[in-house]
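Have a look at the structure below, then the notes.
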Amino acid sequence: IEKAHPDVWNILLQVLDDGRLTDNKGRVVNFKNTIIIMTSNIGSHIIQENFENLKDKNVDEVVGKTQEQVMDLLRKTVRPEFLNRVDELIMFRPLSHADVQEIVKLQLHQLMKKLEEKDILLTPSEELIAHIADTGFDPQFGARPIKRMIQRELLNELSRQIIAGTLQTGTPMVVDVFDGNIVFRKPIDEKGERTVKRAKERTS
């Protein structure tokens, strides 16, 4: 919201104050049953710095201190008449490693469901989930790079495998990671044996 044009702030003031908005033709839009959610990056650097190496600190103490600093900066940045019309101010904590893994699982689940419609049956391994969570997450940009990493590494490799004819539709496969590369292998059989397709073998 802090990046919005001043005119947008003025429009929102009317909406938040009167619960309605009048356009340039005199038409009135009713916001009576509307929930308006605004996001901001104000104080994000404070949150990131305070939550580094959290294991050695008291979580509640860090949260309280951080919230106080962020709200102080918010009051210095946003006009008081605007803040006075906002019902709730919520500060989000940085994503933990467990949070990132859950995001990866969700992204992969959605992807696998779409691929299943094309008769491409894939199951992600726990090692793959950990690999994407470790390498696809950026503290500065959050979880957004994860989706790009899945596209760049997993889907591109999947396309190469299909074109090369080494991955057949209708055949259940496991998406795994080997030596830092995404690979496709057969599920573990009853004897505990498995076939691992290394990335360097994909063109052979």
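Odds and ends about this structure:
- For region 10-33, residues that are in contact (Cβ under 8 Å) with a residue 12 or more places away in the chain, surrounded by 11 or more Cβ atoms within 10 Å (Cβ to Cβ) and not in a helix (DSSP H, G or I) total 3.
- Total residues in region 142-152, condition more than 15 Å from residue 112 (Cα to Cα) and part of a helix (DSSP H, G or I): 6
- Residue within region 104-115 that is at pLDDT below 90, out of contact with any His (no Cβ under 8 Å at 6 or more places or on another chain) and in a helix (DSSP H, G or I) present: no
- Residue ID - modelled with the lowest pLDDT, chosen from residues in region 58-91 that are within 23 Å of residue 137 (Cα to Cα) and in the same structural domain as residue 14 (by TED's automatic domain parsing): 59
- Scan region 32-56 for residues that are among the charged types (D, E, K, R) and modelled with pLDDT of 90 or more and the total you get is 0.
- Count - residues of region 131-152 that are surrounded by 15 or more Cβ atoms within 10 Å (Cβ to Cβ) and over 15 Å from the mean Cα position of the chain (by Cα): 1
The values are calculated or read from the model by the stated rules, or taken from the named source; none is laboratory data. The structure presented is a predicted model; accordingly, all values stated were derived computationally and were not measured. Please note: Cβ atoms are built from the backbone with ideal geometry, for glycine as well, and neighbour counts cover all protein chains shown.
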